[in-house]
Amino acid sequence: MAPPLLTLQDIHLTFGGTPLLTGADMTIAPGERLCLVGRNGSGKSTFLKIAAGLIEPDQGERFLKPGTTVAYLRQEPDFEGHRTALSYVEAGLGPLDDPHKAEMMLYALGMTGEEEVTALSGGEARRVALARILAPEPDILLLDEPTNHLDLPAILWLEETLKASRSALVLISHDRRFLENLSGATLWIDRGRTRLMGKSFAHFEGWRDQLLEEEAQTAQKLGRKIAMEEDWMRYGVTARRKRNVRRVSELASLKRDRAEMKSTQSRAKAQVQMVAAEADISGKMVLEAHDLSKSYEGRRIVEQFSLRVLRGERIGIIGANGAGKTTLVNLLTGQLKPDSGYLRLGMNLEMLHLDQKRDSLPPDTTLRNALTEGSGDMVSLPDGQKHVISYMKDFLFLPEQAGTPISELSGGERGRLMLARGLSKPSNLMVLDEPTNDLDLETLDLLEEMLADYAGTVLLVSHDRDFLDRLVDSVLFAEGDGTWTRYAGGYSDMAAQRRESGEEGEVRAKPKAKSPKPAAQKPAAAAKFKLSFKQKHALETLPKTMAQLQKDITGFRRTLADERLYQRDPASFQKAADGLAKAEESLAKAEEEWLELEILREEAEGA
């Protein structure tokens, strides 16, 4: 086995009096693919900066093999001293690197190199930063959230590029699919220490849960041992004083171990308390759009788009940056007026819109005032008021952070603040624009569970393939030139349907380079919709199911019509009553599902 390129051993670091890392280790061998995981605030980014040599630990050793080149992608690139994207990328090349690689890498990422760095969007800034570290082909790549602000074409291109790279890789990301496809080993930062699993991230959650279960069992055994020792202290023999003093000391040590274990287990199990405040139920029809069109400066964003959204649907909206996802959402929610066409919103809608920019508040606003809207110490919730400190704890904020300005919060903390503010307001239509950015995997799990339990309707703009697959039941995909196609299922279902129809399955794996001239416009096409095999099968079988349920209901009612049944056989009466209630509930659900599918079928045939 080749000697390691980089070694971090027994790393300790304290911030503001609080230990962040307390004995963390990492070894990187040539060509190794390692993902670094842990909760927000666990020290992942700090540990990566130590690996990059940007932070000096309080204790521990960092060894870099002489001659090894390291490139580090920080979450927020620093463009100071550079005017254009090309000059910034060229500054990252070494004396022996091909000077043309900077321009080639920028072009591959859809940039010309002539862009002013002060005018770059978040996605463009991330592409330029990636070009700078990828162009030199270093021995080690240290990547901190590389997919943030990237669209799906760029994410897929980056994934393919990193797979083909010979560089060793250490990766921090909230994108599960990205981690699963690239990692060969997983390093978990947990309560200041690191634990290594020699498998990809796909196996992480089961492995983590097993370790935590083993810890819990150890804690139980320790508790039983302490109970036995305390029993001995109360009832044991008082002679042999020297031995008794030793056991008293050992008991005190056991209690200290238990207190520390409880503390660390509490930190490990702390979770965001995420519950959406729901408004009264909306109408069955949430919105209906007919032939909506919108253009900017002659460029078609939405062209003759029609859509019907029913209560409870979860619709994902995906496409390249600049395709018009936010414009489409604003058209569908009535916040933007179309050039032509019309929109009809349903009855009793209460909309919650969570914006990806997260900059709707002044940066000097404190966390307390952001949650209470400057109205004191209480947060207004639909079921009453809650003290701001208690509500902060629900979203894993510390009490001492109440006076912290928003500008000093990390990206993950700003994401949790956005959720805390939004979820306190009642809604039955939730619009989420890139909600997964900067959130840790555990918080993403809880967000997914909350949305799964949410009784309202969800419109979700996201580039996270796994999140889309887990959550939505259909997606709207930007085909280009204002055309949007609706596909049943999540992202993977969309890719499969596109392959079946002879189109490119996934979103283009290579970002489209900018062109100095506008592309020729193709004739506009109306939005398309295709029923999945599962939906077609349900349409065929549901009438038979409903007929059988109706027969069952008739039979139960006939049984219950016997006035003497309850006195003669209470158990049979209760069984029939329960069966009737269950059959009626099942029939109502089947009828509602069939009605929704019939509406979708008509829409598909008319597209």
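The values are calculated or read from the model by the stated rules, or taken from the named source; none is laboratory data. Just so you know, these numbers come straight off a predicted model, no measurement behind them. All Cβ positions, even for glycine, are placed from backbone atoms using ideal geometry, and neighbour counts span all protein chains on display.
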Checked against (1) in contact with a helix residue (DSSP H, G or I) (Cβ under 9 Å, 6 or more places away or on another chain); (2) surrounded by fewer than 20 Cβ atoms within 10 Å (Cβ to Cβ), T22 satisfies every condition except (1)
Quick one: is Q9 assigned to a strand (DSSP E or B), in contact with a strand residue (DSSP E or B) (Cβ under 7 Å, 6 or more places away or on another chain) and either within 23 Å of M197 (Cα to Cα) or not small (G, A, S) (or both)? yes
When the residues of segment 267-304 are narrowed to those that are acidic (D, E) and assigned to a loop (DSSP other than H, G, I, E, B), which ends up modelled with the lowest pLDDT? D280
Among the candidates L162, L150, L134, L143, residue that is farther than 30 Å from P3 by Cα, within 27 Å of the chain's Cα centre (by Cα) and surrounded by 17 or more Cβ atoms within 10 Å (Cβ to Cβ): L150
Taking segment 191-214 on its own, how many of its residues are of a type in the set (S, T, N, Q), in the same structural domain as N181 (by TED's automatic domain parsing) and either over 20 Å from the mean Cα position of the chain (by Cα) or exposed (fewer than 14 other Cβ atoms within 10 Å of the Cβ) (or both)? 1
May I ask you to say which residue of G16, G60, G53, G81 is among the small types (G, A, S), at pLDDT 95 or above and surrounded by fewer than 16 Cβ atoms within 10 Å (Cβ to Cβ)? G53
Any chance you could count how many residues in segment 305-344 are part of a strand (DSSP E or B) and either β-branched (V, I, T) or crowded, with 18+ Cβ neighbours inside 10 Å (or both)? 11
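Considering only segment 25-131, give the helices (runs of 4 or more DSSP H) lying wholly within it that have at least 3 residues that are closer than 30 Å to G206 by Cβ and not acidic (D, E).
Here the list reads 44-52.
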Given (1) among the hydroxyl-bearing types (S, T, Y); (2) out of contact with any helix residue (DSSP H, G or I) (no Cβ under 7 Å at 6 or more places or on another chain); (3) more than 23 Å from R191 (Cβ to Cβ), index of the condition S42 fails: (3)
Which members of segment 345-356 meet the condition of being among the aliphatic types (A, V, I, L, M) and either modelled with pLDDT of 90 or more or not in a loop (DSSP other than H, G, I, E, B) (or both)? L345, M351, L352, L354
Return yes when L48 is closer than 25 Å to G411 by Cα and hydrophobic (A, V, I, L, M, F, W, C) and no when it is not. yes
Selected residue [assigned by TED's automatic domain parsing to the domain that holds L187, modelled with pLDDT under 95 and surrounded by 20 or more Cβ atoms within 10 Å (Cβ to Cβ)] from V37, V70: V37
Taking segment 51-105 only, how many residues are under 16 Å from V170 (Cα atoms) and of a type in the set (S, T, N, Q)? 3
